[in-house]
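Here is the structure we will look at.
The values are calculated or read from the model by the stated rules, or taken from the named source; none is laboratory data. Fair warning: this is a prediction, and the values are worked out from it, not measured in the lab. Cβ placement follows ideal geometry from the backbone for every residue including glycine, while neighbour counts extend to all protein chains displayed.
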Amino acid sequence: MPNNYSIFWQNLQNYFDPIIFSWGFFSLHWYSLTYLTALLTVYLLLRYRIKNDYFYSKNILSVPLLDKLSLFLIIGVILGGRLGYVFFYELGYFIQHPVEIFWPFSQSKFIGISGMSFHGGLIGAILTGFWFSKKNNLSFLFLASFIIPAVPLGYFWGRLGNFLNSELYGRPTDSAIGMYFPTDQTHQLRHPSQLYEAIGEGILLFLILWPLRNSPKIKDSLLWIYLILYGFIRFFIEFFRQPDLQIGLLWLNLSLGQWLCLGIIAVGIMGMLKARNRS
């Protein structure tokens, strides 16, 4: 028989309103606030690296250069994340409604852009970083190794935003950790997979990569290490996450997210092998 604590946990989502406040046509969502917090967190960590990590503070990176890089990366992540969502998950719908790809209004209210793909955002960030490194005569792997250790802590806030927005929840469960999500029309207890991802792909990866940030042995391999570790962690957590309704499970009963993770794991392994051969 459920006790008061388990009842509170199961219904925790009912205590959150996705909208912090509304004023006229403008509504501020927790989702938007956590994403802004994620960007600020990564920026402050990178600024710390420039000022305190010897290898970067004594090199050619500077705060003004970081400001330019941050602006371009934000654009790259947003464009890549949105286009990745459109291409991977809702291509048919957005072919018929192309204006909605970047239209932030619904029923005359500003709601922001809902629907982002991590894998698309990752591709956007990598392409932007590659372009920026060439434009500023930097090594791409040098720049990637500078950025990567800060990324997971920002990712933590992003997944927390998904949780507060009652989206991307997990598969049904009878375990004590299950909870109800207001957006789930079946009203079943489900895994809070957003929190699993926030902890695994966010905090855990940060605790692994941040201490390694100044290691000279892997200074050009942090991108490949991140891709491999993220891919493995996300692949496992996907077994607890509800597959996208419009896609379901694919070959071998794996979700689209798992197949994309296998792809980035493969890229990470190839990058590591190439780095080893070069050394």
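Of all residues in the range 178-209, which are without any contact (Cβ under 8 Å) to a residue 40 or more places away in the chain, outside any helix (DSSP H, G or I) and out of contact with any helix residue (DSSP H, G or I) (no Cβ under 8 Å at 6 or more places or on another chain)?
Passing the criteria: T183, D184, Q185, T186, H187, Q188.
Go through the range 240-259 residue by residue and tally those that are at pLDDT 90 or above, assigned to a helix (DSSP H, G or I) and surrounded by 17 or more Cβ atoms within 10 Å (Cβ to Cβ).
Qualifying residue count, the range 240-259: 1.
Looking at R234, is it of a type in the set (K, R) and within 28 Å of L164 (Cα to Cα)?
Spelling it out, R234 is indeed of a type in the set (K, R) and within 28 Å of L164 (Cα to Cα).
Scan the range 263-270 and tell me whether some residue there is within 26 Å of E167 (Cα to Cα) and part of a loop (DSSP other than H, G, I, E, B).
no
Only one of these conditions is not met by L33: (1) crowded, with 16+ Cβ neighbours inside 10 Å; (2) out of contact with any Ser or Thr (no Cβ under 8 Å at 6 or more places or on another chain); (3) not charged (D, E, K, R). Which number is it?
(1)
Please work out which residue is farthest from S133 (Cα to Cα), limiting yourself to the range 60-97 and to residues that are in a helix (DSSP H, G or I) and of a type in the set (S, T, N, Q).
Q96
Considering every residue within the range 106-121, establish whether at least one is buried (at least 21 other Cβ atoms within 10 Å of the Cβ), in a helix (DSSP H, G or I) and modelled with pLDDT of 85 or more.
Scanning the range 106-121 turns up at least one residue that is buried (at least 21 other Cβ atoms within 10 Å of the Cβ), in a helix (DSSP H, G or I) and modelled with pLDDT of 85 or more.
Out of curiosity, is S145 in contact with a helix residue (DSSP H, G or I) (Cβ under 8 Å, 6 or more places away or on another chain), hydroxyl-bearing (S, T, Y) and crowded, with 23+ Cβ neighbours inside 10 Å?
yes
Exactly one of these conditions fails for E201: (1) touching a Lys or Arg at 6+ places or on another chain (Cβ under 9 Å); (2) within 20 Å of H119 (Cβ to Cβ); (3) exposed (fewer than 15 other Cβ atoms within 10 Å of the Cβ). Give me its number.
The single condition E201 does not satisfy is (3).
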